[in-house]
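As structure tokens, the structure follows; a few thoughts come after it.
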Amino acid sequence: MPQVLEPKPATPPDHPDTPPWALENLPPFSPVAIKLLNMLSDERIHVDQVSRFIAAEPVFSARVLQIANSPLFALQRQVTSIPHAVIVVGLEKVKAIALTRAMGDYIAPVLRRKALLVCWRNTLAGALLAETLAAACGLDPGEAYTAGLLRDIGRLALLVKYPEAYTNVITLSGGHSRDLMTTERTLFDIDHCQAGRWIVGGMGMPAGVEEAVAHHHDEKLEEPFRLVHLVRAADRLADLLGYAVLPAALPVNGAPSKAQSSLEAWRQELPASFGARLNPDPEALRAEIERKLQAWS
């Protein structure tokens, strides 16, 4: 039986000081990661300041060194110091590590549930795909990764606070994203895009990232092509490559011809100038995403 939540009046997500009832008393995100993100948002920040801050946090230091030495960078020799790691990885990637680490730690307690682990893999795959597609679309890869990672932060918050109820949301949604959001609103009086908009609104993220979080499931988006369009495309591509939260989306494994046809339809949704540059081989692209997911895990 689905977990029944007592209905309460919803609070519009436009009021950052008053959370919707479903988001009240959320567990906090990593204060270390949030402080580092705030530091990195300052364009005047020096690499030495970042290095000193990271070096003072042993767990986070180990994570930065792990990523610097991972297949993501394929270095010829091992990186053993934080200053060297920060230089090798770059400040934008350090920001990505901080955000990914914070979100991974945040949802770790509920990842024993298979359905919720699928949500996390979907989140990471969408972020990596947004980063990969950004260059072809003339957008910043670092900001694209951030927006792709945060796009479903509302879902992650709901599943952390209500793991049993959110597992039932996935079960009851019938394999369709629109049904998923309808079921979310039925149980929580808010869908994950609205929840994400409220959460990101208090993080000081750029306006483009906030728009992507709030509107990446919208069927129609006004031109010109910008970050929200890219994140929506990355989200849909993640589903096509087999990282869908809901089981009805078509994976590439076992059905290459159907997958290729679906990718062609996906590419037609993009502006012609971008779609012509984006002709991914689904099996190769999935293998690359899997390799990167292993580096992040």
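Miscellaneous remarks
- Largest GNM mean-square fluctuation among Val79, Val209, Val200, using the chain with Cα springs under 10 Å: Val79.
- Counting every other Cβ atom within 10 Å of each residue's Cβ, Leu230, Leu36, Leu221 order from fewest to most as Leu221, Leu36, Leu230.
- Residue exposure proxy: Thr146, Thr100, Thr171, ordered by other Cβ atoms within 10 angstrom of their Cβ from fewest to most, comes out as Thr171, Thr100, Thr146.
- Under 22 Å, Cα to Cα: Lys pairs in the chain, sequence gap 8 or more or different chains: 7
- As a length-normalised measure over Cα pairs under 8 Å and 6 or more apart, the relative contact order of the chain settles at 20 percent.
- Highest mobility in the GNM of the chain, judged by mean-square fluctuation with C-alpha springs under 10 Å and restricted to Gly104, Gly142, Gly90, is found for Gly90.
- Sum of side-chain charges, Pro71 neighbourhood, beta-carbon under 13 Å (Lys, Arg +1; Asp, Glu -1): 0
- Under the Karplus curve 6.51 cos²θ - 1.76 cosθ + 1.60, θ = phi - 60°, whole-Hz ³J(HN,Hα) for segment 201-208, x wherever Gly or Pro sits: x, x, 9, x, 7, x, 4, x
- Within the shell of other residues whose beta carbon sits under 12 angstrom from the beta carbon of Leu241, the net charge comes to -3, with Lys and Arg scored +1 and Asp and Glu -1.
- Exposure proxy ranking, count of Cβ atoms within 10 Å, fewest first, for Arg226, Arg52, Arg151: Arg52, Arg226, Arg151
- Each residue of segment 75-80 is assigned a 3J(HN,Hα), and the resulting list reads 6, 6, 9, 6, 8, 10 Hz, derived from the Karplus form 6.51 cos²θ - 1.76 cosθ + 1.60 (θ = phi - 60°), x at Gly and Pro.
- For segment 28-108: rounded, prolate or oblate by the Cα gyration tensor [a/c cutoff 1.5]: oblate
- Karplus (6.51, -1.76, 1.60) ³J(HN,Hα), θ = phi - 60°, over segment 58-74, in Hz, Gly and Pro reported as x: x, 5, 5, 4, 4, 5, 4, 5, 4, 5, 4, 9, 8, x, 4, 10, 6
- Global form of segment 120-170, assessed from the alpha-carbon gyration tensor, a/c cut-off 1.5: prolate
Read the figures in this text as sums done on the coordinates, not as results from a lab. Keep in mind that what you see is a predicted model, and the values were worked out from it rather than measured. Every residue, glycine among them, receives a Cβ derived from its backbone with ideal geometry; neighbour counts consider all protein chains shown.
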